[in-house]
Amino acid sequence: MISKKMEEALNNQLNRELFSSYLYLSMATYFENNNYVGMSKWMRLQADEEHAHSMKFFVFIQKIGGRVILEQIDKPQSEWDTPKKAFEDALAHEEYITKNINELTDLAIEERDHSTKTFLQWYIDEQVEEEATVNEIVQKFNLIGDSKSGLYMLDTELGTRILTPDTTAE
Ligand code: OFO
């Protein structure tokens with residue numbers, strides 16, 4: 001049985017994952033609107049991933065006898081100065097999510113809630129991947145600098161992303 005404090009903390013994280021999805025969808029529309037179709041596709045797939053992350057919390061909370069409470073999702077930013085700035089913001093957001101996951105794990109340890117701690121391990125591993133992936137893209141922006149052809153090539157490269165289906169939230 002889950003504690004009320006942990007139930008609330010997991011619900012808060014479910015909301016943050018939904019916000020992540022909303023934020024990346026907002027970035028996708030910014031890219032689309034500025035004709036960066038590859039970056040838009042990349043961000044739409046990222047939004048789908050974040051939705052899947054939220055559903056893992058949804059399923060887990062119910063499974064351990066908790067109650068999912070859906071709260072309001074904050075309005076995301078809708079404009080960025082440059083594509084690079086949007087990806088830098090995505091990296092900062094992932095670092096914030098990592099901090100949240102670490103704090104949730106600290107709470108699970110404090111409460112000796114082993115099942116929640118084990119559940120969170122997936123997110124700890126996932127955050128390492130997410131931060132590394134977005135950081136790699138930010139570094140590519142740094143490499144290409146002001147080169148328009150470099151930006152075009154990066155947009156094309158990001159447009160080749162495909163979504164790996166994750167069925168573990170079932
Ligand atoms: Fe991008 O991270 Fe979810 O968890």
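The values are calculated or read from the model by the stated rules, or taken from the named source; none is laboratory data. Here the structure is a predicted model, which means the values were calculated and not measured. Neighbour counts run over all protein chains shown; Cβ positions are idealised from the backbone, glycine included. In case anyone asks, the SASA skips ligands and DNA or RNA and just uses the protein heavy atoms, side chains included. Shrake-Rupley method; radii C 1.70, N 1.55, O 1.52, S 1.80 Å.
So which trypsin sites (Lys or Arg not before Pro) in the range 29-77 end up in coil per DSSP with only 16 or fewer other C-beta atoms within 10 Å?
Within the range 29-77, the qualifying trypsin sites (Lys or Arg not before Pro) (loop, at most 16 other Cβ atoms within 10 Å) are Arg67.
Which value in nm describes the separation of the simple spin-label points at Asn35 and Ser149, placed 7 Å from the Cα toward the beta carbon?
1.8 nm
Considering only C-alpha atoms, what is the centroid distance from the range 1-67 to the range 78-106, in Å?
Each part's Cα centre sits 13 Å from the other's.
Report, please, the projected area of the range 4-158 averaged over directions, based on the convex hull of its C-alpha atoms, in nm².
8.9 nm²
For the range 8-80, go through all pairs of different Cα atoms, get the mean of 1/r, take its inverse, and jot down that Kirkwood value in Å.
Taking every pair of different Cα atoms in the range 8-80, averaging 1/r and inverting gives 12.8 Å.
Grab the Cα-Cα distance for Lys4 and Lys99, subtract it from 0.36 nm times how many residues apart they are, and report the gain in nm with one decimal.
Extra length available between Lys4 and Lys99 comes to 32.1 nm.
Test of understanding: what is the full-extension gain from Asn142 to Ser115, defined as 0.36 nm times their sequence separation minus their Cα-Cα distance?
5.6 nm
Which GluC sites (Glu not before Pro) from the range 1-73 combine a DSSP loop assignment with at most 11 other Cβ atoms within 10 Å?
Taking the range 1-73 and a limit of 11 other Cβ atoms within 10 Å, the loop GluC sites (Glu not before Pro) found are Glu71.
If the cut-off is 23 Å between C-alpha atoms, which lysines fall inside it for Lys4, apart from same-chain ones fewer than 8 positions away?
Cross-link targets: Lys56, Lys63, Lys99, Lys117.
Quick check for you: with a 1.4 Å probe and neighbouring chains kept, what is the accessible area per residue of the chain, in Å²?
57 Å²
If you filter the range 102-153 for trypsin sites (Lys or Arg not before Pro), then keep DSSP loop positions with at most 15 other Cβ within 10 Å, what is left?
Counting only loop positions with at most 15 other Cβ atoms within 10 Å, the trypsin sites (Lys or Arg not before Pro) in the range 102-153 are Arg112.
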